[in-house]
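> The structure is given below, and queries will be raised subsequently.
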Amino acid sequence: MTYFPPLERWDLPGAALEQAHREFQIDGSQGNEGIMLWLGRREIGVAVITHCVLVRGKLAIKEPDLLQLEPALLNDITIAATTRKIVLLGQIHSHPGTFVDLSDTDHRYGFKFPDFLSIVAPHYGLKRPESLFDYGVHVYDYGVGYRRLEGKEIQRRLNIVDSRVELIEVGGSGNE
């Protein structure tokens, strides 16, 4: 028995992708990587993304080839999630150029729990790719590590839905 029942699909609001690219404008325009975390509910076989976490402030280190979230910031994210009775389901972050694989640092220090969704946007996310296939879409498989999803698996497992998302800001003036 696992604490994390397996997920077959993520219901990802198109609004969550739009919001991520709005956030990437802030960091990418300065030549830095950007990040957005996605929270929501784990239902039977499905991750339902309902919230976007806007990661701000000095506890979020964003540089040209580095993203680092300090422990106090992760604590704020955990409090924000638990008070809303939701969980961390995935994240999207940006890389420079056309590199959409996970870096060695992403593999080594990224979130590591079963079926965690990790998407990478190219060009610091400054322009939104035309399709999901232009992102790097990765999932963490327990006992294996992160692996990149391709073609039909992306189509089968990532469902873009037309629903709203709520925004949660951590680390900035609206700190949780």
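Taken together, the values in this text are just the output of simple stated rules run on the coordinates, not laboratory data. All values reported here derive from a predicted model rather than from experimental measurement. Glycine also receives a Cβ, built like all others from the backbone with ideal geometry; neighbour counts cover every protein chain displayed.
> How far apart, in nanometres, would the label points at V87 and I26 be if each is projected 7 angstrom from Cα along the Cα-to-Cβ direction?
For the pair V87/I26, the computed spacing is 2.8 nm.
> Next question, about the same structure. Counting only C-alpha contacts under 8 Å and six or more residues apart, can you give the relative contact order of region 9-170 as a whole percent?
Value for region 9-170: 31 percent.
> Moving on. What is the distance in Å between the Cα centroid of region 107-134 and that of region 86-105?
Here the answer is 3 Å between Cα centres.
> Net charge near G57: determine it from the other residues with C-beta under 10 Å of the C-beta of G57, scoring Lys and Arg +1 and Asp and Glu -1.
With Lys, Arg at +1 and Asp, Glu at -1, the net is -1.
> Within the chain, what percent of beta bridges assigned by DSSP are antiparallel, to the nearest 5?
Restricted to the chain, the bridges split so that about 60 percent are antiparallel.
> Once the Cβ-Cβ distance between T105 and Q155 is put in as r, and R0 is 45 Å, what FRET efficiency do you end up with, to the nearest 0.05?
0.95
> Once the piece of chain linking I44 and K58 is laid out straight, how much longer is it, given 0.36 nm per residue of separation minus the C-alpha distance between them?
Extra length available between I44 and K58 comes to 1.3 nm.
> So which trypsin sites (Lys or Arg not before Pro) in region 54-88 end up in coil per DSSP with only 14 or fewer other C-beta atoms within 10 Å?
Sparse-neighbourhood loop trypsin sites (Lys or Arg not before Pro): K58, K85.
> Please rank H21, H138, H93, H107, fewest neighbouring Cβ atoms within 10 Å first, as an exposure proxy.
H107, H21, H138, H93
> Then there's this: Can you match P(r) over Cα pairs in 10 Å bins from 0, in percent to one of these, (i) 10, 32, 25, 14, 10, 6, 3, 0; (ii) 8, 28, 25, 16, 11, 8, 4, 1, 0; (iii) 10, 41, 40, 9, 0, based on a calculation from the structure here?
Checked against the structure: label (iii).
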